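In what follows, a single structure is set out as structure tokens and then discussed.
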Amino acid sequence: MVVKKRPRDVTILAVLVVLVGILDLILGALVFTVSALVAWMLTGVLGTIVGAMGGLVGAILALLGILSFAIAYGLLGGMRWAWTLSLIFWAIDVILGLLALPNGILRIVVGGILLLYLTRPHIRAFFEKAAP
């Protein structure tokens with residue numbers, strides 16, 4: 001078995017993904033809780049809609065948070081699927097930033113830098129996406 005030396009930057013990227021996952025879990029719980037409180041205060045159809053939408057958004061954020069932990073684990077282990085998922089998620093983040101202009105500028109910059117970083121030859125080689 002060949003042991004690959006993990007680039008230090010991959011460790012930093014994995015930590016960043018874990019932090020994003022933690023934020024997603026916190027935001028998911030917050031959205032879920034606030035929407036439940038608002039739904040409780042409202043009655044009828046409007047309360048039901050607010051509760052359902054908040055519950056859905058909260059659940060999606062929590063799922064993304066859990067998925068972030070799995071991706072971070074895969075990044076640390078040099079797993080090919082983690083590289084692919086990271087590339088997809090950061091590309092989606094850049095697209096979301098473009099849709100949210102001018103507020104999405106930070107998303108575009110950070111996502112763009114991480115996309116460029118993931119496509120660097122030594123990083124691709126670590127994830128066995130190209131010859132070293």
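Between GLY111, THR33, LEU23, whose Cα lies farthest towards the positive end of the dipole of the chain when Lys and Arg beta carbons carry +1 and Asp and Glu beta carbons carry -1, centred on the Cα centre?
Result: GLY111.
Positive end of the charge dipole of the chain (Lys, Arg +1 and Asp, Glu -1 on Cβ, about the Cα centre): tell me which of GLY47, PHE126, ILE95 has its Cα farthest that way.
Of the listed residues, the answer is PHE126.
Once you compute Rg and the Kirkwood Rh from C-alpha atoms, what is the Rg to Rh ratio for segment 16-101?
Rg divided by Rh gives 1.12.
What is the angle, in °, between the Cα long axis of helix 44-77 and the longest principal axis of the Cα atoms in the chain? Nearest 10 is fine, range 0 to 90.
With both axes taken from Cα atoms, the answer is about 10 degrees.
Could you give the dipole magnitude of the chain about its Cα centre, charging the beta-carbon of Lys and Arg +1 and that of Asp and Glu -1, in debye to the nearest 20? Walk me through the numbers before you get to the answer.
On the way: 9 positive and 4 negative charges, 123 e Å.
Computed about the Cα centre, the dipole is about 580 debye.
Taking the Cα atoms only, what angle lies between the long axis of helix 8-41 and the longest principal axis of the chain, rounded to 10 degrees?
Approximately 10 degrees, to the nearest ten.
From the backbone phi of segment 109-118, what are the Karplus-calculated ³J(HN,Hα) couplings (6.51 cos²θ - 1.76 cosθ + 1.60, θ = phi - 60°) in whole Hz, Gly and Pro given as x?
5, 5, x, x, 4, 5, 5, 4, 5, 5
Only the coordinates and a few stated rules stand behind these numbers; no lab work does. As the structure is a prediction and not an experimental result, all values here were calculated from the model. Methodologically, a virtual Cβ is constructed for each residue, glycine included, from the backbone with ideal geometry; neighbour enumeration extends over all protein chains shown.
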